[in-house]
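Every number here is computed from the coordinates shown, using simple stated rules; none is lab data. What you see is a predicted model, and the numbers here were worked out from it, not measured in a lab. So basically every Cβ, Gly included, is an ideal-geometry build from the backbone, and we count neighbours across all protein chains shown.
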Amino acid sequence: MNRAHLASFLRTRREALRPEDVGLPRGPRRRTGGLRREEVAALSGMSTDYYTRLEQQRGPHPSEQILTALAGGLRLSLAERDHLFQLAGHAVPHRAVRADHVNPGMMRILDRLHDTPAQVVNHLGETLAQTPPAVALLGDETRHTGLARSAHHRWFTDPDARQRYRAQDHQQHSRLLVAHLHAAYTRDGRGSRAAALVDDLLAASPEFARLWREHPVPGGQCPPKHLLHPQVGPLELHCQTLVDPDQSQTLLVFTAAAGSASDDRLRRLSVDTVRSGR
């Protein structure tokens, strides 16, 4: 562990971030353009004292979990994250976990959508980050572990995953998810996480196995979603997508036609979420 270089690296990355980059107000009394230590600590889910000691070269040896949290809080790129691990004396995380690390550009955009249902998903259907209105709309999709992290896997193995979708849309949605997983499997190959999902679903779900043999291909658009929300009722939503340059992550933003009943319900859901501080 190189304490001096680690402290210097953390400080330079903290000072390079602007409050607006992470969705924080600048405020009239801010003397520096960078983030404060307490802000980085809050974004990383740790105490200000712990983070301060790291910057002052007197902190403990940070664990891999702490470093991962710091990489997210400081919005580091993958290369910067790897460098952080090396400075702390840890092996660089295997690139196979690339899809678990939200692209900094994606995160900056997501931070600005705090009052809009939006989330970042990877090519395996795993939700990496959600705005509070997205949690209110779809539930906390980041809480799952193992293969269940994938919405594709939950759809075919957990009946609760289909509750917010109209029954008449289930078949179309099933085909769409299989098509996306086919694309991920083709891209990543045998021995990948995509292959593990496919192998498990082929054994667990006859519906998935039947659709898999048909080799569906994903279309270029995200079709309208008809959701049945337990609080605000039926919603007809459109899904706008922004795809990361390396095609591994997608930002999904859910909207409704202006002036529609769905628009009114979605606004009500988002406003209630923001007011409650969730």
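Listed values, structure above:
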read-out	value
Cα→Cβ-extended label distance, 7 Å offset, between Asp264 and Arg162, nm	3.2
On Cα atoms only, tilt of 170-188 relative to the major axis of the chain in degrees	50
Using distinct alpha-carbon pairs, which all enter the 1/r mean, Kirkwood radius of segment 3-93 in Å	13.2
Between helix 78-87 and the chain: long-axis angle, C-alpha atoms, 0 to 90°, nearest 10	40
Farthest toward positive dipole pole in the chain [+1 Lys/Arg, -1 Asp/Glu at C-beta], among Leu202, Ala134, Asn103	Asn103
Net charge of neighbours whose Cβ lies under 14 Å from the Cβ of Leu84, counting Lys and Arg as +1 and Asp and Glu as -1	+2
Cα-Cα separations in segment 131-189 greater than 17 Å, expressed as whole percent	48
Protection proxy ranking, peptides 226-233, 109-116, average beta carbon neighbours within 10 Å, highest first	109-116, 226-233
Segment Thr48-His90, extension gain: residue separation times 0.36 nm, minus the distance between their alpha carbons	12.8 nm
For segment 82-234, the fraction of alpha-carbon pairs in successive 5 Å shells from zero, as %	2, 8, 15, 20, 20, 17, 10, 5, 3, 1, 0
Relative pair counts by distance (%), Cα atoms of the chain, 5 Å bins	1, 5, 11, 15, 16, 15, 12, 11, 8, 5, 2, 1, 0
Angle between the chain longest axis and helix 3-16 axis [Cα atoms, degrees, rounded to 10]	60
